[in-house]
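Note sheet for the following structure.
The values are calculated or read from the model by the stated rules, or taken from the named source; none is laboratory data. None of these values were measured; they are calculated from a predicted model. Don't worry about glycine lacking a Cβ; one is built from the backbone with ideal geometry, like all the others, and counts go over all protein chains shown. Side chains included, ligands, DNA and RNA excluded: accessible areas come from the protein's heavy atoms. Shrake-Rupley method; radii C 1.70, N 1.55, O 1.52, S 1.80 Å.
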Amino acid sequence: MATVFNPTIAAITLRGLLGRRRSLLIALPPALLLALTIGLRVTTDINSGRDFGWPGVVLGQIGLVTLLPLTAMIIGTSVLGTEVDDSSILHLLATPVSRATVLTTKWIVASAATLVFAVVPITVAAFIGTSGYVDNPGPFDMTFTPVKGDASEAIGVIVAAAVGAVVYSAFFLFLSVVTKRSVAVTLIYILVWESLLTRQVSGLRLLSIGQYELGLADQIGHLPNLGAHLTLSTSVVMSVVFTVGALVYGTRRLQSFRVSGEAT
């Protein structure tokens with residue numbers, strides 16, 4: 001019976017992912033989010049009428065929809081590409097390890113790395129951005145009056161980021177299996193599909209991981225100006241569908257993966 005996680009493959013993947021200058025590139029998008037959040041928090045009054053809505057824009061549209069998927073893209077498209085670059089994939093393909101184990105192990109590693117490099121900084125940014133924030137209570141509040149310092153807004157962003165890290169990792173790993181131009185395809189998905197088309201065409205939002213994140217963040221934390229359009233149930237169901245579908249079809253394509261790095 002095939003196992004879900006293979007420590008040897010995980011170690012090889014981590015060594016290829018973090019043992020290069022790529023780790024600095026991975027840390028850049030979250031660092032930019034932290035710098036922006038700290039700068040805005042220091043220079044603005046979060047509870048003033050004029051500065052009321054920037055946390056939702058920064059944490060949602062910039063953090064969840066742009067910087068998180070960029071980090072996940074760098075990681076998700078690298079966990080297979082590194083083996084192709086240094087030819088260690090020759091050994092991997094020659095072993096009796098099932099392709100399902102290979103893919104799920106790399107997905108777990110990619111998800112964990114994205115959680116560390118992206119979700120942890122987003123967590124810090126969420127608490128900085130919403131600290132002292134006064135808003136209507138979210139589902140985690142115990143009262144029906146506004147509560148100063150309530151953490152539900154930050155919790156909503158954090159949960160959404162964690163879910164997004166898992167879904168993006170599965171989807172970008174799938175793209176790295178089915179195309180040699182995975183970086184270009186993922187950039188198109190992030191910058192054109194999620195950042196442009198889904199904002200203009202409502203029917204496309206059902207196929208946007210970023211919208212699933214915003215839906216979760218909005219329904220849990222009720223942070224204004226997130227730009228969310230999906231319900232909690234839709235966001236949860238579609239996140240599961242995207243993740244499972246990417247892993248299943250990615251495994252099928254990996255069955256025919258050639259040493260040259262192309263799928264038959």
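Test residue 179 against the criterion of being within 23 Å of residue 111 (Cβ to Cβ) and touching a residue at least 24 places away in the same chain (Cβ under 8 Å), and give yes or no. Give the derivation first.
Numbers: within 23 Å of residue 111 (Cβ to Cβ): yes; touching a residue at least 24 places away in the same chain (Cβ under 8 Å): no.
So residue 179 fails the test.
Hey, any hits in the range 36-43 for a residue that's modelled with pLDDT of 90 or more, assigned to a helix (DSSP H, G or I) and surrounded by 17 or more Cβ atoms within 10 Å (Cβ to Cβ)?
Filtering the range 36-43 for residues modelled with pLDDT of 90 or more gives 36-39.
Applying the additional criterion that residues be assigned to a helix (DSSP H, G or I) yields 36-39.
After this cut, where a residue has to be surrounded by 17 or more Cβ atoms within 10 Å (Cβ to Cβ) as well, the list is 36-37.
For the range 36-43, residues modelled with pLDDT of 90 or more, assigned to a helix (DSSP H, G or I) and surrounded by 17 or more Cβ atoms within 10 Å (Cβ to Cβ): present.
Tell me, which residue of the range 4-28 that is among the hydrophobic types (A, V, I, L, M, F, W, C) and open to solvent by 80 Å² or more (accessible area, probe 1.4 Å) is nearest to residue 106 (Cα to Cα)? Don't jump to the end; show me each part of the working.
From the range 4-28, those among the hydrophobic types (A, V, I, L, M, F, W, C) are 4-5, 9-12, 14, 17-18, 24-28; that's our starting set.
Subset that is open to solvent by 80 Å² or more (accessible area, probe 1.4 Å): 4-5, 24-25, 28.
Working: 4: 10, 5: 8, 24: 20, 25: 19, 28: 22 Å.
Here the residue is 5.
Residues of the range 249-258 being within 12 Å of residue 173 (Cα to Cα) and either in contact with a Lys or Arg (Cβ under 8 Å, 6 or more places away or on another chain) or at pLDDT 95 or above (or both), which ones?
At the first step, the residues of the range 249-258 found to be within 12 Å of residue 173 (Cα to Cα) are 249-251, 253-254.
Passing the criteria: 251, 254.
Would you mind stating whether residue 176 is closer than 14 Å to residue 69 by Cα, touching a Leu at 6+ places or on another chain (Cβ under 6 Å) and at pLDDT below 90?
Working: closer than 14 Å to residue 69 by Cα: no; touching a Leu at 6+ places or on another chain (Cβ under 6 Å): yes; at pLDDT below 90: yes.
The answer is no for residue 176.
Which of the numbered conditions does residue 96 fail, given that it passes all the others? Conditions: (1) part of a helix (DSSP H, G or I); (2) modelled with pLDDT under 90.
The single condition residue 96 does not satisfy is (1).
Out of 237, 201, which single residue is open to solvent by 30 Å² or more (accessible area, probe 1.4 Å), among the hydrophobic types (A, V, I, L, M, F, W, C) and modelled with pLDDT of 95 or more?
Numbers: 201 fails: modelled with pLDDT of 95 or more.
Only one candidate qualifies: 237.
Going through 75, 122 one at a time, which residue ends up being open to solvent by less than 30 Å² (accessible area, probe 1.4 Å), at pLDDT 90 or above and in contact with a Ser or Thr (Cβ under 6 Å, 6 or more places away or on another chain)?
Working: 122 fails: in contact with a Ser or Thr (Cβ under 6 Å, 6 or more places away or on another chain).
Of the residues listed, the single one that is open to solvent by less than 30 Å² (accessible area, probe 1.4 Å), at pLDDT 90 or above and in contact with a Ser or Thr (Cβ under 6 Å, 6 or more places away or on another chain) is 75.
Got a number for residues in the range 177-198 being open to solvent by 20 Å² or more (accessible area, probe 1.4 Å) and either within 11 Å of residue 229 (Cα to Cα) or not in a helix (DSSP H, G or I) (or both)? Steps first, answer last, please.
Filtering the range 177-198 for residues open to solvent by 20 Å² or more (accessible area, probe 1.4 Å) gives 178-181, 183-185, 187-189, 191-193, 195-197.
Still in the list and also either within 11 Å of residue 229 (Cα to Cα) or not in a helix (DSSP H, G or I) (or both): 179-181.
Adding up the residues that qualify gives 3.
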